[in-house]
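Here is the structure we will look at, set down as structure tokens.
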Amino acid sequence: MKSSGKWAKSMEILKEFEDKCATPVSKLRQVADAMTVEMHAGLASDGGSKLKMLISYVDNLPTGDESGIFYALDLGGTNFRVLRVKLGDVNNVKKEFQEVSIPPNLMIGTCAELFDFIAGELAKFVATESGDMQIPPGTQRELGFTFSFPVKQSSIAGGTLVRWTKGFNIEDAVGQDIVEELVKAMERAGLDMRVSALVNDTVGTLAGGKYSNKDVIAAVILGTGTNAAYVERANAIPKWQGLLPKSGEMVINMEWGNFRSSHLPLTEYDESLDAESLNPGEQIFEKIISGMYLGEIVRRVLLKMAVEAEFFGDTVPTKLEKPFILRTPDMSAMHHDSTPDLKVVASKLKDILEIPTTSLKMRKIIVEVCHTVANRAARLSAAGILGILKKIGRDTVKEGEENQKSVIAMDGGLFEHYTKFRIAMQNAMDEMKSSGKWAKSMEILKEFEDKCATPVSKLRQVADAMTVEMHAGLASDGGSKLKMLISYVDNLPTGDESGIFYALDLGGTNFRVLRVKLGDVNNVKKEFQEVSIPPNLMIGTCAELFDFIAGELAKFVATESGDMQIPPGTQRELGFTFSFPVKQSSIAGGTLVRWTKGFNIEDAVGQDIVEELVKAMERAGLDMRVSALVNDTVGTLAGGKYSNKDVIAAVILGTGTNAAYVERANAIPKWQGLLPKSGEMVINMEWGNFRSSHLPLTEYDESLDAESLNPGEQIFEKIISGMYLGEIVRRVLLKMAVEAEFFGDTVPTKLEKPFILRTPDMSAMHHDSTPDLKVVASKLKDILEIPTTSLKMRKIIVEVCHTVANRAARLSAAGILGILKKIGRDTVKEGDENQKSVIAMDGGLFEHYTKFRIAMQNAMDELLGEEASKNLIIELSNDGSGLGAALLAASHSQYATYDESA
């Protein structure tokens, strides 16, 4: 951690919490299956399950044909409501109501006192009947009684009170038939009214939903508390005693808040909340999905950050230690804050927790905590609903029932007012409750996302492993997967170099020759020419290839003119970038180990490549000294150092990947001979070959590696570099196509072709900002010949691209942290608060893939912490392989300097 560790510790707490709260589709399906199992057990016998599965005795739900005037009494808290409802037109139900507060003394008085008060208020309300809301003469008024306290029901209009909750404690009412107590009170008030039904609020919601929509099959309350009720086949209730109802159906009040399963993603915060509650071990599901508790979970996470990471400063805010001070509506307001500087979050923290000032970075973290808590709750709610659908056989579309709708009636402030909760819940339902094909695709995606996860704790393990391998590679050749090659570059450019220098950049089927004029760091003048190598020379002889190169170089030298001319009597000097495997022996010498990239010139292998070039230049009559042999990464480091003295390392993130950095010469045990005067040595890590058990590898990475030309090698490169990212995306989509028929009954032929999907195409899809993802559709059509795709499919493809790019970017950041740790730049030391550490970056992946670059920078911020991340600068340093080679020719010149005007 590159700061005092406070910020990094906060990020670690957040990431660990996110990991524990993860709800991939596979996890949600396990929860849904567990819910279904518990439903069966609860229907079999009382006490057979944590789910009570209470028989409501409601066997006739409204049909929509009901008419007349009816009353309702809703008693569920410190207020109660009386309602008068006129039925007859489903689309125009007329309602009148009155809300009444219950005096606190009646909440702890006697049963008669409470119900006499309620009956009196009900009588007053009845007396206000007028106009078309009057009961016809001679008709007895009828009442539906919603009583939201635990009751053991005995009939549609009868049930004994089990216990009071919500601050009520009227001892003589417990064990009494609650309907009888109300009827006696109404009689004492002279009110002639029949109680037709005793229901709880969830069953009432189901009835209300069914009245307006015949396809309603269940109701779910998601408010302060939570519950669910649904319509069950009466013959599927083993514990039912007596004749089956004529309708053949029965509404079951699940009391699902008490659901528990080993598959629920519980955290230490949930466990402590439960342990400190009034009912430990009970209502576990409710405690992680309902409005009563979500804000409190957020508070507990923030409290841990405050205590263990000093997130809010040296002292823990006093108010933050108060349970339930942070309510779910406050959490929702913070989660929905769309102001650029998160003003709502700042205001809530100030007003509720008395935290006067917070940084934008801190507020973003708090929003992320809110998101994690709400997202888990919403997705688990969706899993619960799927459990109900599975129980009643509505989780799949059966043949002949393609148009059958399954409607869930929802109620409760959490669902109604917390928009992001509602959207997350609907999204989870879409992921799970679809045809088997779509669900399988989602399962493949979510499993892939889980395997690719890179929480900060994982990244730290990768960084530590990188540091260990660096030490091993410096100790001895072959001691590590990291070659840690000595570059023999011990003098990096200082910015004071001047003169005209040449560079030759040979790394593929083309090569470049450059002429560079140094003298002004801010105005380096360059001339260059790119030349294609004839294919026959790539498989010919060593002399033929270098004679061709020397000839082209001589032609380029001949074009010198004006202020780009070498002074008379001065030997030209060249930096040679040779991007093939070389065993270097000096700053300007190295033998070719093997060819790659389509070259196969046998007589060059084992030869000193600089000597071969020099001999060819002599044959061409070209007097030029090769001052430095470098690879492109070392060149990038040189180029970066020239313009910024704080550059300490270079990283290439392009088609391939590598890193180089400045090491203390006395920290290289395998170095033989005298230490260089500078005391430093540039190390070419060849980090693409890094491997660790901590790398988050997937089946797609393993198959890609197994089918590659170098199985078991370049593992890091194969998961973070541009050569492979598009191919990983292709492999994921191919699995979806084969196992889930994602693109239809047949697998698109082009999708089976390795490397057909390039990383630039993947990037274009990932960055598609059109509302209907037109770029994604176009790429699929043009490259994979998939003519039509739905928006839903295109969104999934973007998500695959995001997962692949995000993992690569975050692992790249972990690699950089490994380097910083090795050279002691991962912490801010006392007295070095202003010391900058600059990483020079090159490569198309970093330069052009914006979301990759942002994800990498974000990961660095998370790893280093707020204080230290200010001192790390990652900057683009273009053309390291060209300019860098010329600069190294200058810094290793045989001339200290010269005046080109002489």
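The values are calculated or read from the model by the stated rules, or taken from the named source; none is laboratory data. Keep in mind that this is a model prediction, so the values were computed, not measured. Here Cβ is always computed from backbone atoms with ideal geometry, including for glycine, and neighbour counts include all displayed protein chains. When the accessible area is computed, the model is the full protein with side chains, heavy atoms only, and any ligands, DNA or RNA have been set aside. Shrake-Rupley method; radii C 1.70, N 1.55, O 1.52, S 1.80 Å.
What whole-number distance in Å separates the alpha-carbon centres of the range 530-564 and the range 166-229?
91 Å
For the chain, give the percent of accessible area contributed by carbon and sulfur heavy atoms, probe 1.4 Å, rounded to a whole number.
C and S fraction of accessible area: 49 percent.
Once the Cα gyration tensor of the range 523-604 is diagonalised, what are the square roots of 5 times its eigenvalues, in whole Å and ordered largest first, as equivalent ellipsoid semi-axes?
Rounded to whole Å, the semi-axes are 28, 17, 12.
Answer with one residue from G507, N279, V231: the one whose Cα lies farthest towards the positive end of the charge dipole of the chain, charges on Cβ with Lys, Arg +1 and Asp, Glu -1.
Farthest towards the positive end: V231.
With a Förster radius of 22 Å, plug the Cβ-Cβ distance of K95 and S67 into 1/(1 + (r/R0)^6) and report the FRET value to the nearest 0.05.
Efficiency for this residue pair is about 0.90.
Please report, in debye to the nearest 20, how large the charge dipole of the range 697-768 is about its Cα centre when each Lys and Arg carries +1 at its beta carbon and each Asp and Glu carries -1 there.
I would put it at about 240 debye.
Taking only protein heavy atoms and a 1.4 Å probe, what accessible area per residue, in Å², does the chain have with all protein chains in place?
It amounts to 42 Å² per residue over the chain.
With no solvent and one equal point scatterer placed on each C-alpha of the range 57-199, evaluate the Debye formula and give log10 I(q)/I(0) for q = 0.20 Å⁻¹, two decimals.
Those come out to -1.31, one per q.
How large is the Kirkwood hydrodynamic radius of the range 611-656, in angstrom, based on all distinct alpha carbon pairs?
One over the average 1/r among Cα pairs gives 12.9 Å for the range 611-656.
Once each part is reduced to its C-alpha centroid, what is the distance from the range 575-622 to the range 786-807 in angstrom?
Each part's Cα centre sits 44 Å from the other's.
For the chain, with only Lys/Arg (+1) and Asp/Glu (-1) charged at the beta-carbon, what is the dipole magnitude about the Cα centre, in debye rounded to 20?
With only Lys, Arg, Asp and Glu charged at Cβ, the dipole is about 700 debye.
Express in nm, to one decimal, how much length is gained between Y895 and E276 on full extension, taking 0.36 nm for each residue of separation and deducting their alpha carbon distance.
So the extension gain works out to 215.1 nm.
Tell me, what is the FRET efficiency for K322 and D215 to the nearest 0.05, using R0 = 51 angstrom and their Cβ-Cβ distance as r?
Plugging the Cβ-Cβ distance into 1/(1 + (r/R0)^6) gives 0.65.
Can you tell me the order of 673-679, 246-252 when each peptide is scored by its average per-residue count of other Cβ atoms within 10 angstrom, highest first?
The peptides rank, most packed first, as 246-252, 673-679.
When only Cα pairs under 8 Å and 6 or more residues apart are kept, what is the percent relative contact order across the chain?
Relative contact order, the chain: 14 percent.
What spacing in nm lies between the two simple spin-label points modelled at A472 and V162, each 7 Å away from Cα in the Cβ direction?
5.9 nm
Order these peptides, 805-811, 326-332, 62-68, by their mean beta-carbon neighbour count within 10 angstrom, highest first.
On the way: 805-811: 25.6, 326-332: 22.7, 62-68: 11.9.
Those peptides, ordered most packed to least, come out 805-811, 326-332, 62-68.
Ranking request for peptides 203-209, 853-859, 335-341: highest mean number of other beta-carbon atoms within 10 Å first, then the rest in descending order. Intermediate values should be presented prior to the final figure.
Working: 203-209: 23.6, 853-859: 19.1, 335-341: 13.6.
Result, highest mean first: 203-209, 853-859, 335-341.
Near the amide H of K94, under 5 Å away, which other amide H atoms are found, from residues 5 or more places off or on another chain, if H is placed in the peptide plane?
Close amide H contacts, sequence-distant or interchain: K86.
How big is Rg to Rh over the chain, alpha-carbon atoms, Rh as the Kirkwood inverse-mean-distance radius?
Over the Cα atoms of the chain, Rg/Rh equals 1.12.
Going down the list K239/K391; K319/K364; K391/K440; K20/K287; K718/K822; K774/K795, which pairs span over 18 Å between their C-alpha atoms?
Going by Cα-Cα distance, K319/K364; K391/K440; K718/K822 fall outside the 18 Å limit.
Can you work out the Karplus-derived ³J(HN,Hα) for every residue in the range 616-621? Use 6.51 cos²θ - 1.76 cosθ + 1.60 with θ = phi - 60°, whole Hz, and x for glycine or proline.
5, 5, 4, 5, 8, x
Which whole-angstrom value gives the distance between the alpha carbon centres of the range 242-285 and the range 834-873?
Cα centroid of the range 242-285 versus Cα centroid of the range 834-873: 46 Å apart.
Straight-line reach from K166: which aspartates and glutamates have Cα under 19 Å away, leaving out those fewer than 8 places along the same chain?
Within the straight-line cut-off, K166 pairs with D74, E99, E113, D201, E255, D274, E276, E282, E286, E296.
Go through K420/K446; K753/K851; K670/K851; K641/K851 and tell me which ones have a Cα-Cα distance over 31 Å in this structure.
Check vs 31 Å cut-off fails for K670/K851.
About its Cα centre, how strong a charge dipole does the range 57-199 have in debye, to the nearest 20, once Lys and Arg get +1 and Asp and Glu get -1 at the Cβ?
Computed charge dipole of the range 57-199: roughly 220 debye.
Shape call for the range 461-599 from the C-alpha gyration tensor, a ≥ b ≥ c root eigenvalues: rounded (a/c under 1.5), prolate (a/b greater than b/c) or oblate?
oblate
Going 7 Å from the Cα of K753 toward and past its Cβ, which residues in the range 765-805 have a backbone nitrogen under 18 Å from where you end up?
778-788
Between E447 and K645, how many nm apart are label points set 7 Å from Cα along the C-beta direction?
Going by the 7 Å Cα→Cβ label model, 5.7 nm.
Projecting each Cα onto the charge dipole of the chain (Lys/Arg +1, Asp/Glu -1 at the beta carbon, about the Cα centre), which of G384, G831, T559 comes out farthest on the positive side?
Farthest along the dipole direction, towards plus: G384.
Label E833 and W595 with points 7 Å out from Cα along Cα→Cβ: what is the distance between them in nm?
Roughly 5.9 nm, to one decimal.
So what is the calculated 222 nm ellipticity per residue for the chain, using -39500 (n - 2.57) for each DSSP H run with n of 4 or more, over all residues, to the nearest 500 deg cm²/dmol?
Using -39500 (n - 2.57) per qualifying helix, the result is -13000 deg cm²/dmol.
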